[in-house]
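A short worksheet on the structure shown next.
The values are calculated or read from the model by the stated rules, or taken from the named source; none is laboratory data. Because the structure is a prediction, the values reported are computed rather than measured. Using ideal geometry, Cβ is built from the backbone for each residue, glycine included, and neighbour counts are taken over all protein chains shown. Protein only, heavy atoms only, side chains kept; ligands, DNA and RNA dropped before computing areas. Shrake-Rupley method; radii C 1.70, N 1.55, O 1.52, S 1.80 Å.
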Amino acid sequence: MEEFEDDDLTWHKVPAKIDESRNYVKALHVAGKKLCLISEGGVLSVTSSRCPHAGADLTHGWCEEGKLICPFHRHRFDIETGKGDEKQHNFIRVYPLKKENGEFFVGIKRSLWDKIFG
Ligand code: FES
């Protein structure tokens, strides 16, 4: 898999073809992580896939009005900021995404281990 570094981030090529014209929530496997790829109303987002409430797999969730809905207890997370609805007091991580030469790359922070030995 193609990747390159940029400050504290390593940019990993998204292995799946991204169709920006459809709405969906699906799993994205990148750099040994399972992330959540969301396409909703022309907004593309990559988030963590584990719900901070009780660990449900958010890749089985769906979107409503710009929010990712957890399939277990319906916690709602903004797909652009990761912020949970006010009373939830939680959030999910949103990973930076960029497009270069028609291909998408997701930025994943380098761990301290990677910085020392990478
Ligand atoms: S596990 Fe996601 S809302 Fe409870």
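Numbers below:
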item: Within the range 3-117: Cβ-based charge dipole about Cα centre, in debye rounded to nearest 20 (Lys, Arg +1; Asp, Glu -1); result: 400
item: Selection from 44, 96, 55, by position along the positive dipole direction of the chain (Cβ); result: 55
item: Sulfur and carbon atoms: percent of accessible area, the chain [1.4 Å]; result: 48
item: Normalised contact order of the chain, rounded percent, pairs of Cα under 8 Å and 6 or more residues apart; result: 22
item: Solvent-accessible heavy-atom area per residue, rounded to whole Å², over the range 1-105 at 1.4 Å; result: 59
item: Shape category assigned to the range 68-118 from the gyration tensor of Cα positions, a/c cut at 1.5; result: oblate
item: The chain - mean residue ellipticity at 222 nm from DSSP helices (-39,500 (n - 2.57) per run, n ≥ 4, rounded to 500); result: -1000 deg cm²/dmol
item: Counting all C-alpha pairs of the chain, share separated by more than 21 Å (%); result: 37
item: Stretch gain in nm, segment residue 34-residue 64, where the contour uses 0.36 nm per residue and the Cα spacing is subtracted; result: 8.6 nm
